[in-house]
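Bear in mind these aren't lab numbers, they're just calculated from the coordinates by the rules spelled out. Being a predicted model, the structure only gives us computed values, none of them experimental. Here the Cβ is made from the backbone with ideal geometry for all residues, glycine too, and neighbour counts use every protein chain on show.
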Amino acid sequence: MLSSLAVVSLVLSGVSAAGGPQHPPDVLRYGRPESVGLSSEPLHELVSNLSAYTHPDDYGDYTDGIHPIEPGSANLIAHNSVIVSHFAVGDAVLYTDVNGTLLPPWKRRKARRDSIYDMASLTKMYTTMATLQQIDAGLLELDAPVISYIPEFAANGKQDITIKMLMTHISGFAPEPRPPLYASNYTTIEQRVQAIITQKIANKPGTTYQYSDLNYMTLMLVLEKITGKKLDQLIHIFTSSLGMRDTFFNRGNIEGPLFRPHTYHRVVAQEFQIDVQGPQVPRRPQPVRGTVHDENAWALDGVSGHAGLFSTVADTAKMCQMLLNNGTYGGRRILRPESVDLIFTNFLSDIDPENPRGVGFQLNHTATAGPMASMLTASHTGFTGTSMVIDRASGTFFLHFANRVHPSREWSDNGLTRQALGYWVARALGREVEFPALE
Ligand SMILES: *[C@@H]1O[C@H](CO)[C@@H](O)[C@H](O)[C@H]1NC(C)=O
Ligand SMILES: *[C@@H]1O[C@H](CO)[C@@H](O)[C@H](O)[C@H]1NC(C)=O
Ligand SMILES: *[C@@H]1O[C@H](CO)[C@@H](O)[C@H](O)[C@H]1NC(C)=O
Ligand SMILES: *[C@@H]1O[C@H](CO)[C@@H](O)[C@H](O)[C@H]1NC(C)=O
Ligand SMILES: *[C@@H]1O[C@H](CO)[C@@H](O)[C@H](O)[C@H]1NC(C)=O
């Protein structure tokens, strides 16, 4: 069977890396699971279990029976401010074509603990932080209509859409802009921004839950209007104050090592997108690697409120811990506690009881959090294979960043590995839970 030696040495080295008595109590540090009351054994089993899913097998409806769930992943688990597990399995760069022909061994790259992943829709969580910061600053109101910041947004019946409706996906927008922003209908960014503002809606505002990228594209435009800063700048302000050095947008869609030359080797490969989607999608080197996978974010020059961010599990961990700390990290206040509470408040109990959501995040979402799901568990996924789960009740969070779309989005749904992480975390917490069933 697969060995879990990697995590053992890592947990031990974590002890020596832990801070001394001067270590601020609200900052993450490495430590043994037992030091915070967790069991090590399930966390060791987790490593070989996730590694197993990088091999082809029959995983029920999660794949077509012949492909792996994902080529590899970076993972991080923390409890009571202690990182109890941080490891990578499988590969970051593995295939030479859409059919899964393997690269020669010397061209492959293993996934690393500090691999840089395209966060896809986890970008929305960062946009959520930037939005809550403007609410805290008094520049934005959750219940105000979008038209009080962008009057032209009233076009096509959108005058009653509020900031809160955008953040909880009840604005009435269809899932994606039509035609797509990367379609030949548009030639400039300005035209695409105009298309977002004048977009039609599919439902009456405030009546229907429908997850939509347009909600977070619109939030970007609102934030940029009220602050006079670009979204990537706004997000950089708080990520840099949290000490996140590997969290960035690729504004300009700069290809290859020309963009951030010192980190490109850590960026994972994504999809052979043109082969999968057809010639209408962005024309760029394949597989997509280092420019945003999401075609609409690409059409917005690489920066959008719904997708575009790149990060590592260690960087994103700081944001998760800040939320568990109710808004502070390293003694700095990023959000007011009342704003953090909005993430853990279900705003959809009347509209859609099956889909509880706070601002930005889903609540009680078993498909992402597995057996850790509860109304105090906020979670989200990204299309490329990323997921983030923050459990307020137990003071725990766990991150699974995978490039499941390498080489093709059609190979798998990695909900299984996302839930598996939740299973092993629950076991480490001493809970008797069932492993997620194959469908
Ligand atoms: C992962 O662990 C669970 C629980 O022990 C087991 O049922 C499942 O078969 C394992 N998955 C793989 C791919 O080995
Ligand atoms: C992938 O396989 C399909 C079906 O066999 C074939 O038509 C296509 O040319 C292959 N693509 C590449 C890039 O090898
Ligand atoms: C977008 O372009 C397509 C293809 O040229 C065309 O069929 C469609 O009508 C256009 N849509 C809009 C809204 O202009
Ligand atoms: C954060 O706020 C929640 C809700 O008020 C509270 O239950 C929890 O104890 C707080 N956590 C910390 C670390 O202050
Ligand atoms: C949470 O989700 C589970 C499983 O979907 C469901 O049985 C339970 O009723 C939900 N809890 C609440 C408070 O809605």
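Observations, loosely collected:
- Zero-based 10 Å bins, Cα pair distances in the chain, whole percents: 5, 22, 33, 27, 12, 2, 0
- Going by neighbour counts of Cβ atoms within 10 Å, the residues Glu439, Glu176 line up, fewest first, as Glu439, Glu176.
- With neighbours defined as other Cβ atoms within 10 Å of a residue's Cβ, the residues Leu38, Leu309, Leu140 order from fewest to most as Leu140, Leu38, Leu309.
- Ordered by the count of other Cβ atoms within 10 Å of each Cβ, fewest first, Val268, Val340 give Val340, Val268.
- Candidates Asn75, Asn364, Asn185: whichever shows maximal mean-square fluctuation once the chain is modelled as a Gaussian network with Cα springs under 10 Å: Asn185
- The range 82-222 - charge dipole about Cα centre, Lys and Arg +1 at Cβ, Asp and Glu -1, debye rounded to 20: 520 debye
- Cα centroid separation, the range 414-436 to the range 251-296 (Å): 32 Å
- Selection from Gln419, Val405, Gly395 lying farthest towards where the dipole of the range 394-439 points positive, charges on Cβ: Gly395
- Rounded, prolate or oblate (a/c below 1.5 giving rounded, otherwise prolate when a/b exceeds b/c) for the range 283-439 by Cα gyration tensor: oblate
- Helix-derived mean residue ellipticity, 222 nm - over the chain, DSSP H n ≥ 4, -39500 (n - 2.57), to 500: -8500 deg cm²/dmol
- Packing here is the average count of other Cβ atoms within 10 Å per residue, and on that basis the peptides 98-104, 207-213, 121-127, highest first, run 121-127, 207-213, 98-104.
- Under a model in which nothing but the beta-carbon of Lys, Arg (+1) and Asp, Glu (-1) is charged, the chain shows a dipole of about 1300 debye around its Cα centre.
- If only the Cβ of Lys and Arg carry +1 and only the Cβ of Asp and Glu carry -1, the dipole of the range 186-308 around its Cα centre is close to 240 debye.
- Shown in residue order for the range 340-353 are the 3J(HN,Hα) couplings computed by the Karplus curve 6.51 cos²θ - 1.76 cosθ + 1.60 at θ = phi - 60°: 5, 4, 4, 5, 9, 10, 7, 9, 10, 4, 7, 7, 8, x Hz (x for Gly and Pro).
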